[in-house]
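**Q** After the structure tokens below, expect a handful of questions from me.
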Amino acid sequence: MTKFKKIHALAVAATILFASCATKDNNLTTTDYTGPIQVNFNNYQNDNGDFGFVKAGLPIKDEFVTFNIEVKLSNTTDPAPTDIAVYLTKVDAVVAEYNTTNGTTYSPVSSGQTGISFDLTQPLIIKKGARVGAFPIKINTAKLGFASQWAVGLGILKANGAEINDLQSKLLLDLTALNAYDGYYQTKGAAYHPTYGNYAWNSNGVFACGSGFALTTAGQYSVDLNPGQPLQNGTNLSYFSAVVPRFTVNPTTNKVTITSTIGTTIFVDYPSYDSHYDPATKTFFVKYGWSTDRVATDTFTFCGPR
């Protein structure tokens, strides 16, 4: 796999499995059941098939929506013989552990943080005759903001009328809200820089989708170029980490406004160029300059979700 050669750039972290999660389900038949009733989180899995991870799948809007975390009976196919009260607890260490083992950068939310609300003093109830109970978490993505990839680490603290099955007793809830433009992109274009002169590039076939450039959600209609403006450095496709544009799409016209996410980098506008987004091909066509004499004409074509 081709690697970036950094130009004032940040390193790209490798991804590994969340090893602490169990990778086997714990469903048993009624003939397997012995001992006290047990409970655990309801088989939430990440993209690798490891248990202990769930995405909320949140819309981007300024209102609170409810996402329910489910806990189930884990070692029997029978329903609960009586009401079972299950208490959850916030465990920031779950977030830190997931980041360490997966190379992710989730930030744990605080209990009183704007944009999220949940009451851990109240249990979720698995009703008599049922197998699953739900714990509500209210989330407002606009108030929570996009500065970080937010997450909540949860653990099962106690269960009245049941024991805790440690196999799936911890859970990371991903609160990241992604807009319609977010994802990995192939890039091609041309640019001028006084150090490198005129140059052109095409990342198709150079970077597999997911190992190169991405556009990351900054708002309902805005995305930031990550890791930065493409640069052809000799035979290597690289990037400027100090040149990080934000593309804001007008949802009616699909025209794109380009601004800098870094205050010390002064952008130059090119109003004669039709910077726009093509929804049919999921492609951005943009042109902008910086520092008076640098200019880039970029094409970013969607190749997969992040």
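**Q** Stretch Val268-Thr292 to full length: gain in nm at 0.36 nm per residue minus the Cα-Cα span?
**A** Gain on extension, Val268 to Thr292, equals 8.0 nm.
**Q** Report the full-extension gain for the segment Asn202 to Ala93: residue separation times 0.36 nm, less the Cα-Cα distance, to one decimal in nm.
**A** Values: separation 109, 0.36 × 109 = 39.24 nm, distance 4.15 nm.
Here the segment from Asn202 to Ala93 would lengthen by 35.1 nm.
**Q** Could you state the angle between the C-alpha long axis of helix 92-102 and the longest principal axis of the C-alpha atoms of the chain, as a value from 0 to 90 degrees rounded to the nearest 10?
**A** 50 degrees
**Q** Please compute the length gained on full extension between Lys282 and Thr105, using 0.36 nm multiplied by the number of residues separating them and subtracting their Cα-Cα distance. Can you show the working numbers first?
**A** Values: separation 177, 0.36 × 177 = 63.72 nm, distance 2.67 nm.
Using 0.36 nm per residue and subtracting the Cα-Cα distance, I get 61.1 nm.
**Q** Phe64 versus Asp83, label points 7 Å from Cα toward the beta carbon: distance in nm?
**A** About 2.3 nm separates the two model spin labels.
**Q** Find how many whole Å separate the alpha carbon centroid of the range 44-68 from the alpha carbon centroid of the range 149-218.
**A** Value for the Cα centre distance between the two parts: 14 Å.
**Q** Note down the relative contact order for the chain as a percent, whole number, built from C-alpha pairs under 8 angstrom at least six residues apart.
**A** On the way: 731 pairs, mean separation 56.0, N = 306.
Value for the chain: 18 percent.
**Q** Highest GNM mean-square fluctuation, the chain, Cα pairs closer than 10 Å: which of Pro245, Pro230, Pro81?
**A** Among Pro245, Pro230, Pro81, the largest GNM mean-square fluctuation belongs to Pro81.
**Q** For the chain, with a Gaussian network of springs between Cα atoms less than 10 Å apart, report the residue from Ser117, Ser272, Ser169 with the top mean-square fluctuation.
**A** Answer for the Gaussian network model of the chain: Ser272.
**Q** Quick one: what are the phi-derived ³J(HN,Hα) couplings along the range 198-214, Karplus 6.51/-1.76/1.60 with θ = phi - 60°, whole Hz, x for glycine and proline?
**A** 7, 8, 9, 7, 8, 7, 4, x, 8, 10, 5, 4, x, 10, x, 9, 9
**Q** Could you calculate the FRET efficiency of Leu157 with Asp47 from 1/(1 + (r/R0)^6), where r is the beta carbon distance between them and R0 is 22 Å, rounded to 0.05? Can you show the working numbers first?
**A** Numbers: r = 28 Å, r/R0 = 1.27.
Taking R0 as 22 Å, the efficiency between Leu157 and Asp47 is 0.20.
**Q** Here is a follow-up. Short version: ³J(HN,Hα) in whole Hz for each residue of the range 59-68, in order, from phi by Karplus 6.51 cos²θ - 1.76 cosθ + 1.60 (θ = phi - 60°), x for Gly and Pro, what are they?
**A** x, 9, 7, 8, 7, 7, 10, 9, 10, 9
**Q** Give, in whole angstrom and from largest to smallest, the semi-axes √(5λ) of the equivalent ellipsoid of the chain, with λ running over the eigenvalues of the Cα gyration tensor.
**A** Values: eigenvalues 423, 80, 48 Å².
One finds semi-axes of 46, 20, 16 Å for the chain.
**Q** Sum up the charges of everything whose Cβ sits under 14 Å from the Cβ of Lys287, counting Lys and Arg as +1 and Asp and Glu as -1, but leave Lys287 out.
**A** Details: positive: Lys188, Lys255, Arg294; negative: Asp269, Asp274, Asp298.
The answer is 0.
**Q** Here's another thing I want to ask about it. Distance check, please: which entries in Lys61/Lys138; Lys61/Lys170; Lys61/Lys287; Lys61/Lys188; Lys72/Lys158; Lys61/Lys90 exceed 21 angstrom between their Cα atoms?
**A** Working: Lys61/Lys138 13 Å; Lys61/Lys170 29 Å; Lys61/Lys287 29 Å; Lys61/Lys188 33 Å; Lys72/Lys158 13 Å; Lys61/Lys90 25 Å.
Long pairs (Cα-Cα over 21 Å): Lys61/Lys170; Lys61/Lys287; Lys61/Lys188; Lys61/Lys90.
**Q** Cross-link partners among aspartates and glutamates for Lys128, C-alpha distance below 19 Å, same-chain residues fewer than 8 apart left out?
**A** Straight-distance partners of Lys128: Glu70, Asp78, Asp83, Glu163.
**Q** If amide H atoms are built 1.01 Å from N in the plane of the peptide, which residues on other chains or at least 5 residues away come under 5 Å of the amide H of Ser238?
**A** Answer set, sorted by chain and number: Leu231, Gln232, Asn233.
**Q** Sticking with this one: Beta carbons within 10 angstrom, averaged per residue: use that to sort the peptides 46-59, 171-184, highest first. All intermediate terms of the calculation are to be shown ahead of the outcome.
**A** Numbers: 46-59: 17.1, 171-184: 21.6.
My ranking of the peptides, most packed first, is 171-184, 46-59.
Read the figures in this text as sums done on the coordinates, not as results from a lab. Just so you know, these numbers come straight off a predicted model, no measurement behind them. Counting neighbours? That spans all protein chains shown, and the Cβs are built from the backbone with ideal geometry, glycine included.
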